[in-house]
1. Over the chain, what is the percentage of antiparallel beta bridges among all DSSP beta bridges, to the nearest 5?
2. At a threshold of 8 angstrom on Cα-Cα distance, excluding pairs fewer than six apart, so keeping six or more, what relative contact order does the chain reach in percent?
3. Which percent of the accessible heavy-atom area of the chain goes to carbon and sulfur, probe 1.4 angstrom?
4. Report, by chain and number, residues whose modeled amide H sits under 5 Å from the one on Val82, excluding near sequence neighbours (fewer than 5 apart, same chain).
5. Once label points are set 7 Å from the Cα along Cα→Cβ at both Tyr39 and Thr23, what is their separation, rounded to one decimal in nm?
6. Would you mind working out the accessible area per residue for the chain, using a 1.4 Å probe, and quoting it in Å²?
7. Can you work out ³J(HN,Hα) from phi for every residue in region 29-40, in order, using Karplus 6.51 cos²θ - 1.76 cosθ + 1.60 and θ = phi - 60°, giving whole Hz and x for Gly and Pro?
8. Scan the chain and hand back the longest stretch that contains none of the trypsin sites (Lys or Arg not before Pro) lying in DSSP loops with at most 10 other Cβ atoms within 10 Å.
Amino acid sequence: MENNNKITKNPIRGRVVAISKDTKTVKVEVPRIVPNKTYGKRLHLHTSLFADTFGVANIAVGKDVDILPCRRISKNKSWKVVSVVAH
């Protein structure tokens, strides 16, 4: 009996904001909604992440992508693009 201890992680969906010149890196904004502590008004905030695009085609600015965390590739890049979401 084999022991497969692979942990599947849920991808995070974000929008591509910028692409590097060599198209190996993209900047992805991941939105989140946080309520104000006092008044409860919803604030729309975002987190900017750099992701590697190895093996993924058809990436353009404005498209939604799914990203997963991976080992550190460079100083700022520790995410990889899994797929481009079709609309």
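1. Numbers: 24 of 27 bridges.
Antiparallel: roughly 90 percent of the beta bridges in the chain.
2. On the way: 167 pairs, mean separation 24.1, N = 87.
This gives 28 percent for the chain.
3. Details: 3750 of 7080 Å².
Of the solvent-accessible surface of the chain, carbon and sulfur hold 53 percent.
4. Answer set, sorted by chain and number: Asp66, Ile67, Leu68.
5. Roughly 4.6 nm, to one decimal.
6. 81
7. With coefficients 6.51, -1.76 and 1.60, one gets 9, 10, x, 8, 10, 10, x, 5, 5, 8, 9, x Hz.
8. Numbers: sites that count: Lys6, Lys9, Lys21, Lys37, Lys41, Arg71, Arg72, Lys75.
Counting at most 10 other Cβ atoms within 10 Å as exposed, the longest clean stretch of the chain is 42-70.
The values are calculated or read from the model by the stated rules, or taken from the named source; none is laboratory data. All values derive from a computational prediction rather than experimental measurement. Heads up, the Cβs are rebuilt from the backbone with ideal geometry, glycines too, and the neighbour counts pull from every protein chain shown. Only protein heavy atoms, including side chains, enter the accessible area calculation; ligands, DNA and RNA are left aside. Shrake-Rupley method; radii C 1.70, N 1.55, O 1.52, S 1.80 Å.
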